[in-house]
Amino acid sequence: MAKPINRLSGEEIELVRESSLLVGKTLAEVGRVIAPGVTTGELDRLAETFIRDSGGIPGFKGLYGCPSTVLVSVNEEVVHGLPGKRVLKEGDVASVDCGVLMNGFYGDSAYTFMVGEVAPEVQALLAVTKECLALGIAQAVANQRTGDIGFAIQRHAEAHGYGVVRELVGHGVGRKLHEAPEVPNYGRRGHGARLTEGMVIAIEPMITMGAKDVRQLEDGWTVVTRDGSPSAHFEHTIAIGHGKAEVLSTFSYIEDVLKERGMAVV
Ligand code: MG
Ligand code: MG
């Protein structure tokens, strides 16, 4: 039987928004320093300090045994890359996923950063993945179903010849980081859980430049593409509304910082 889906009150949704905005500000701090020569471990330390200084709790650290505040997945790493000694280099793309727990509610968001000058075909992968997220969000309204979100994402990604990862999916967000329903990035129109007002979900397309197949590394965490092709990941936490989804997380802090630094924004 499917797990029950929680619906949040307006006040509770505002608490998810506060946590989600702190995730966006944290990712902006990452965006302030990300550059060739920086290690993924440095990004993790600054994220943890920033969240705690802002009155939040790192949402991932300790959950399912996760050792870090952010997960940093570089190039062929899709998600769940463990930060550490890896040094970012010119031309890399780094997907940084972050969660915050504050006032009893989680926020969850991810952004794929370009490190220095990135190949045009990889920039295109990032742009299309971000478009997939927007198309998924456009379907996230009352009386639609999770399959409508997945269908919109899958159709756009596959129209560009990209792969849609099947093993990892979006999810409900609330008092727990991962709640029902599952929100796959593929699917059939009119199938899956029905969306109703007050549901809060994370939509998070994970799109590969090559085949969709992934495997997990021996660290028990990092998920990589089997064919070694690069991958991108953008995620927002949103509330289901009538006619329009309410996006609770934001990329605007991140992109303001990238523009300040004179960096390209996909
Ligand atoms: Mg996430
Ligand atoms: Mg998530």
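The values are calculated or read from the model by the stated rules, or taken from the named source; none is laboratory data. As the structure is a computational prediction, the values presented were derived from the model and not from experiment. As a convention, Cβ positions derive from the backbone with ideal geometry for all residues, glycine included, and neighbour counts pool all protein chains shown. When the accessible area is computed, the model is the full protein with side chains, heavy atoms only, and any ligands, DNA or RNA have been set aside. Shrake-Rupley method; radii C 1.70, N 1.55, O 1.52, S 1.80 Å.
Quantify, in whole percent, the carbon and sulfur part of the accessible surface of the chain (1.4 Å probe; protein heavy atoms only).
That share works out to 50 percent.
How high is the relative contact order of segment 128-187? Use alpha-carbon pairs under 8 Å, at least six apart in sequence, and give a whole percent.
The normalised contact order for segment 128-187 reaches 36 percent.
Figure the gain on full extension for residue 11 and residue 213 (residue separation times 0.36 nm, minus the Cα-Cα span) and round it to one decimal in nm.
68.7 nm
Heavy atoms of the protein only, probe of 1.4 Å, neighbouring chains included. What is the accessible area of residue 108 in Å², nearest 10?
Residue 108 has an accessible surface of roughly 0 Å² with all protein chains in place.
Among the complete DSSP H segments of the chain, which ones combine at least 15 Å of alpha-carbon extent along their axis with a mean Kyte-Doolittle hydropathy of -1.0 or more?
Helix filter hits for the chain: 10-33, 40-53, 120-138, 146-159.
Just need the relative contact order of segment 10-260 here, percent rounded to a whole number, with Cα pairs under 8 Å and 6+ apart.
23
Once amide H atoms are placed 1.01 Å from N in the peptide plane, what residues at a sequence separation of 5 or more from residue 179, or on another chain, have their amide H within under 5 Å of its amide H?
Placed amide hydrogens put 172, 173 under 5 Å from residue 179.
Please give the direction-averaged projected area of the C-alpha convex hull for the chain, in square nanometres with one decimal.
Taking the Cα atoms of the chain, their convex hull projects to 12.9 nm² on average.
Which order do you get for 213, 92 if you rank them by accessible area with a 1.4 Å probe, largest at the top?
Ranking 213, 92 by accessible area, largest first, yields 213, 92.
Measure up 25/85; 25/130; 25/61; 25/212; 212/259; 61/244 against 27 Å on the Cα-Cα distance and list the ones that go over.
Over 27 Å apart, Cα to Cα: 25/212; 212/259; 61/244.
Restrict the search to segment 56-92; then list the trypsin sites (Lys or Arg not before Pro) that DSSP places in a loop and that have at most 10 other Cβ atoms within 10 Å of their Cβ.
85
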